[in-house]
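Working notes for the structure below.
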Amino acid sequence: MCGVAVKQNNNNPTKDTMTKPVLFSKEHDICSFASKNASRCVLQSVHYDANGKFLEATNGRQLVRVPAGCSEDFPPVTGANGQPLPDCLLPLAPFQKALKSIAHSTLPILENIAFTAVENDKTKVRLTTNDLDTENSIVVKLVHGHYPNTNVVIPVEPVVFAITLNALELQILVNYAAKHASEKNNGITFQFIDERSPVRWKIKTQQNRDVTGVLMPARPI
């Protein structure tokens, strides 16, 4: 959990008294999950949930959540005063720009963006990267609006069974479907038997062929 700022009798809070910055890494690049629909401007952003301390994105058909990091080991951010971050919506362009500026470093803590509030301005936040030589900060104007309550779409019923599929093998299948599936029926149909059996799949191609196959569950190492 992030620490809580403690008021001191001086005007320069130290690293130990400031709120630990929220950190985003390359794993927080979830912009591709956001909506491309210009009429849904709120969904054309990524949402930071201050209560759950995660970053999320949705286009209305899929949803992703990535827990945010938190550490006092990131170099002190110029202008940061430990003010807590509110729920907010980050526009995609400056967020992607900050992600691209993350340093390649032998120090893992530097491979992050420090996400901090802007003092006396709740309409803006600061995204900061640091390679120990240079601090780069982007002050971002937040998207105005209310993000939908995504909790209501997450199933709460007990799981019947779970299957883990190899991401790279699944990517091969998805790439094939994206290239050859029918425009009218461009989905992949998955058929699950149980948690150990191969997963059957089916694709209807542009030339009306029924392509079928199986994908073996990933085995624990």
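Counting only residues that are among the polar types (S, T, N, Q) and outside any strand (DSSP E or B), which one in the range 102-129 is modelled with the highest pLDDT? It would help to see each step written out before you state the result.
Of all residues in the range 102-129, those among the polar types (S, T, N, Q) come to 105-106, 112, 116, 120, 123, 128-129.
Keeping just the survivors that are outside any strand (DSSP E or B) gives 105-106, 112, 120.
On the way: SER105: 92, THR106: 94, ASN112: 98, ASN120: 88.
Across the range 102-129, the extreme among qualifying residues is ASN112.
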Exercise. For the range 144-188, how many residues are outside any helix (DSSP H, G or I) and among the hydrophobic types (A, V, I, L, M, F, W, C)?
Worked result: 10
Seminar exercise, completed: Of those in the range 1-47 that are farther than 19 Å from GLU111 by Cα and hydroxyl-bearing (Ser, Thr, Tyr), the residue modelled with the lowest pLDDT is THR17
Exercise. Does any residue of the range 86-100 turn out to be modelled with pLDDT under 95, exposed (fewer than 15 other Cβ atoms within 10 Å of the Cβ), among the small types (Gly, Ala, Ser) and closer than 19 Å to LYS141 by Cα?
Worked result: no
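So which residues in the range 130-143 are in a strand (DSSP E or B) and among the aliphatic types (A, V, I, L, M), if there are any at all? Don't jump to the end; show me each part of the working.
First, the residues of the range 130-143 that are in a strand (DSSP E or B): 130, 135-141.
Correct list: ILE138, VAL139, VAL140.
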Problem set entry | Cβ-Cβ under 9 Å pairs, at least 6 apart or on other chains, the range 120-144 side within 14 Å of PRO84 (Cα to Cα), far side at pLDDT 95 or above and surrounded by fewer than 13 Cβ atoms within 10 Å (Cβ to Cβ) | THR123/HIS144
Seminar exercise, completed: With the first residue restricted to the range 69-83 and required to be assigned by TED's automatic domain parsing to the domain that holds LEU107, and the second required to be loosely packed, with under 15 Cβ neighbours inside 10 Å and modelled with pLDDT under 85, Cβ contacts under 8 Å at 6 or more apart or on different chains are CYS70/MET1; GLU72/GLY3; GLU72/LYS15; GLU72/ASP16; PRO76/LYS15
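The values are calculated or read from the model by the stated rules, or taken from the named source; none is laboratory data. This one's a predicted model, so the numbers in the text were calculated from it and none came from an experiment. Glycine also receives a Cβ, built like all others from the backbone with ideal geometry; neighbour counts cover every protein chain displayed.
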